[in-house]
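Worksheet: the structure to be examined is printed underneath.
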Amino acid sequence: QVQLVESGGGLVQPGGSLRLSCAASGSIFRIYIMGWYRQAPGQQRELVARIFSSGSTDYANSVKGRFTISRDNAKNTVYLQMNGLKPEDTSVYYCNADVHVQGQGGSYRATYWGQGTQVTVSS
């Protein structure tokens, strides 16, 4: 009942920048938290950054000062501006949303994931 669609991944040289976007759609009453996670081959999925409905944010230590998360509540969209990219940032990036769903299926809170977008940092 809720879909997350990501865009903006790609190949970039070390030191470069990319901007990821994730738009949520469906039977959304409210989105509490939107965030970005990443998972490299053979690694566990890890939190990159998240933003609460209040606007407060949380970042992994490895990206602090380089990445900025923001959201447009009117568009149910979250962004991740990634600057100063490093080869170790190479991963599949997943959008995540903690949503209060309200529709024909009832009213409940659930977590949703996007399909993932590849970010590759290489010269």
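The values are calculated or read from the model by the stated rules, or taken from the named source; none is laboratory data. Just so it is clear, the structure is predicted and the values come from calculations on it, not from any experiment. With ideal geometry, Cβ positions are generated from the backbone for all residues, glycine too; neighbour counts draw on all protein chains shown. Areas reflect the complete protein model, heavy atoms only, side chains present, ligands, DNA and RNA absent. Shrake-Rupley method; radii C 1.70, N 1.55, O 1.52, S 1.80 Å.
Annotation for the range 68-77: no member residue is in contact (Cβ under 8 Å) with a residue 60 or more places away in the chain, under 11 Å from the mean Cα position of the chain (by Cα) and open to solvent by 40 Å² or more (accessible area, probe 1.4 Å).
The set of residues from the range 38-67 being touching a residue at least 40 places away in the same chain (Cβ under 8 Å) and among the hydrophobic types (A, V, I, L, M, F, W, C) comprises A40, V48. Of the strands (runs of 3 or more DSSP E) contained entirely in the range 1-56, those carrying at least 3 residues that are open to solvent by less than 30 Å² (accessible area, probe 1.4 Å) fall at 2-7, 18-26, 28-39, 46-52.
Each row is one residue, and each column tells you yes or no for (1) within 16 Å of Y112 (Cβ to Cβ); (2) among the acidic types (D, E).
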{"site": "G9", "(1), (2)": "no, no"}
{"site": "P14", "(1), (2)": "no, no"}
{"site": "G26", "(1), (2)": "yes, no"}
{"site": "I31", "(1), (2)": "yes, no"}
{"site": "S54", "(1), (2)": "no, no"}
{"site": "K64", "(1), (2)": "no, no"}
{"site": "T68", "(1), (2)": "no, no"}
{"site": "D72", "(1), (2)": "no, yes"}
{"site": "C95", "(1), (2)": "yes, no"}
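Residue count for the range 78-123 under the criterion of being surrounded by fewer than 19 Cβ atoms within 10 Å (Cβ to Cβ), of a type outside the set (S, T, N, Q) and part of a loop (DSSP other than H, G, I, E, B): the result is 4.
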